[in-house]
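Some notes on the structure that comes next.
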Amino acid sequence: MSSLPKRIIKETERLVSDPVPGISAIPHDDNLRYFDVAIQGPSGSPYEDGTFKLELYLPDDYPMCAPKVRFLTKIYHPNIDKLGRICLDVLKNNWSPALQIRTILLSIQALLGAPNPDDPLANEVAEEWKSNEALAIATAKSWTEQFAKEGD
Amino acid sequence: MGNAPGREERGPQTLPRERSQFGDKLTAHLKRKKKEEEREKLLETRYTNLVVRYQETVDGGYLAPYGTYKAFPDYDTLVVKLLITERKLAPFYSPLDDFDETWTQEELLVVLMNNLRLFLPNRTAEDEEIDDADDHKLHKSQTLMKRLEQKQKLKALIERTIKQQKKEQLRYNHDRQQAFVSENGSTRYPSIPSNDLLLALYGNAIECPICFVYYPPHMNYSRCCEQPICTECFVHIRRNEPHPPHDVPEEEATDPESLISLPANCPFCAMPDFGVTYTPPLLICTGIQGSCAPAEFSIYTRNDLVIEEEEGSSKPKTRARAISAAISLSHSGMGSPRNSVEAGLARSSVDAGLVRRLNDGSAASSNTNLEAPKRRGSLAASAPGVITTDAIQPDWETKLMSARARIARRSAAATAIHASSLIIQGDETSDIDRRRLFRRTGSAQEQLAIEERMIQQAMKLSLLEEEQRQHTERARRGE
């Protein structure tokens, strides 16, 4: 483990000592670059009261490149596709090494509260969102009910 | 190719055609060979420059990175070395993993003795990304051997570099030990920093907001939002790889000219054209182009700058003296364009902090009474004293050109494949028609021949794809 950069160690420690409300990120014992993440759906959004599981991986050149993040829980959202991949600028070209696991997860939580159907990743969902927002929100709610509320 | 017109002018009589062709080939070969040698030499210099040597020291720091990042950085080592010796960029300091302001001098010295290293030994030759990947995949038979050879050479070079760095570390450990125990240690090992220097550097260490380790407070500051950044993080920040403009997926980029490469943004405020400024410490000027050797540095030899801890009326006077000394020092010119009166004032509060600490931190002294450093405001990327990421990584243009060439090659290959499939199809234009044709009129033999060709084509494509996948995999693992 000597090769784990100090930054990753310190970020992990600080995530534990000063946790972000509604977000948890716990590294795997056998791979400290791999995190199990859970994000609470923001209140007032169709994802409210849901707990969404994600996986987060810190590549070798982190923090010079963005962490790889993916939803594991099925979610109905115009910027998240069937495979759980997320369309978010800070995970791609707008990544900055001054961002952290903490800030990235907050950005993802914010994305749940503010879907952006004009820059879609899941085209069908985005179409639905634009043509019949009420129905799309209802679908998102029912998916949250169905997939993001397992007792564990 | 450039020689062709010349040949025509000379005419066929002056030189037999074959011989002239042979001559062209020879010169081209020699040229290529020379270019290759130059490339190797450059590479050699680059890796030699990445070795931290404790005798190459500037203000208690070094000219090569510590190794916080596993991959060797990609910056222009000659430019950076020059900037550091000219005090235009902070030197690469050995970081501390942890730091506690409440440590006493003695505690801090013990921590420094036990933890300061020249480099972090976590690199192996396998880690290094070997570039080229799928550059030439359609002509692999011609260049494969050469590429393999180049890779071997690079690997050997990296191994040599790592070995050399280990030797430097051992030498440093030995000399430091000797300097510590022997009587005239400081004269025999002038580049080993004195305790005063170590305390002056690390007494007020601050954390780099990107790599989360502690450095002496004289950091580089972003030109736009004045955030600190250590030199090692700075040299790792570079442009994104050349990419198609927003909204065009990479696979669909066919027009090589559309590829763009944008200057790196500030990691803190996202301002384009990231650059930093650096103001060297006023009290510390040791090593290369410095005023004394690191071993000779003593805070007590600079009585003019020590703020005396007497109570009473003399205090403001000494403080004034410290400031004026600081200003006069800054005017004496250490190469930084930011050595203005203002900058002198701004830094002097930090330096006064050091002095106080060196006087064993007694009493909450004048430090806090000094004028709060004036906010500098943001500077343009072209302002004097600003070092941009492009200035230390000037190879982005070459990278853009080669990315464009790669796309051009790829689309040419795609066109070729497309054309060849058209030839196979003959007059038929649509798939459905073709299938109908097979069923109705095509002889069994014809069908077999066409199918075989299609299978061959598919195999060729999948082989190419697999090769590419392996390359990228290897490159990724190597990073």
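The values are calculated or read from the model by the stated rules, or taken from the named source; none is laboratory data. Note that this is a predicted model, so its numbers are computed, not measured. For neighbour counting, all protein chains shown are included, and Cβ atoms are generated from backbone atoms with ideal geometry for every residue, glycine included. We work out accessible area using only protein heavy atoms, side chains counted, and drop any ligands, DNA or RNA first. Shrake-Rupley method; radii C 1.70, N 1.55, O 1.52, S 1.80 Å.
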Could you say which residue among B:Ser141, B:Ser186 is surrounded by fewer than 13 Cβ atoms within 10 Å (Cβ to Cβ) and at pLDDT below 90? B:Ser141
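Results for (1) modelled with pLDDT under 95; (2) in contact with a strand residue (DSSP E or B) (Cβ under 6 Å, 6 or more places away or on another chain); (3) aliphatic (A, V, I, L, M), shown as yes or no for each residue.
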| position | (1), (2), (3) |
| --- | --- |
| A:Asp18 | yes, no, no |
| A:Gly22 | yes, yes, no |
| A:Asp29 | yes, no, no |
| A:Gly44 | yes, no, no |
| A:Tyr57 | no, yes, no |
| A:Asp60 | yes, no, no |
| A:Pro67 | no, yes, no |
Those residues of segment B:67-93 which are over 9 Å from the mean Cα position of the chain (by Cα) and within 14 Å of chain A (Cβ to nearest Cβ) amount to B:Gly67, B:Thr68, B:Tyr69, B:Lys70, B:Ala71
Quick check on segment B:244-258: of everything there that is within 14 Å of chain A (Cβ to nearest Cβ) and in contact with a helix residue (DSSP H, G or I) (Cβ under 7 Å, 6 or more places away or on another chain), which residue is modelled with the highest pLDDT? B:Pro244
Among B:Phe234, B:Phe212, B:Phe180, which is the only one that is outside any helix (DSSP H, G or I) and either buried (at least 17 other Cβ atoms within 10 Å of the Cβ) or modelled with pLDDT under 90 (or both)? B:Phe212
Residue in segment B:217-234 that is polar (S, T, N, Q), within 14 Å of chain A (Cβ to nearest Cβ) and free of Cβ contacts under 8 Å to residues at least 60 places away in the same chain present: yes
Per the filter on segment A:119-141, residues within 19 Å of the chain's Cα centre (by Cα), charged (D, E, K, R) and either outside any helix (DSSP H, G or I) or within 15 Å of A:Lys82 (Cα to Cα) (or both) are A:Asp119
Near pairs, Cβ below 9 angstrom, 6+ apart or cross-chain, from segment B:452-479 (within 14 Å of chain A (Cβ to nearest Cβ)) to any residue that is open to solvent by 90 Å² or more (accessible area, probe 1.4 Å): B:Ala475/B:Asp131; B:Arg477/B:Glu126; B:Gly478/B:Glu126
Number of positions in segment B:77-110 that are more than 20 Å from B:Gln164 (Cα to Cα) and either without any contact (Cβ under 8 Å) to a residue 40 or more places away in the chain or part of a loop (DSSP other than H, G, I, E, B) (or both): 19
Just need a number here: residues in segment B:268-282 that are open to solvent by less than 10 Å² (accessible area, probe 1.4 Å) and assigned to a loop (DSSP other than H, G, I, E, B). 5
Selected residue [within 14 Å of chain B (Cβ to nearest Cβ) and under 24 Å from A:Trp129 (Cα atoms)] from A:Leu91, A:Leu72, A:Leu58, A:Leu4: A:Leu91
Quick one: how many residues across segment A:7-55 are more than 14 Å from every other protein chain (Cβ to nearest Cβ), closer than 30 Å to B:Asn115 by Cβ, buried (at least 19 other Cβ atoms within 10 Å of the Cβ) and of a type in the set (A, V, I, L, M, F, W, C)? 2
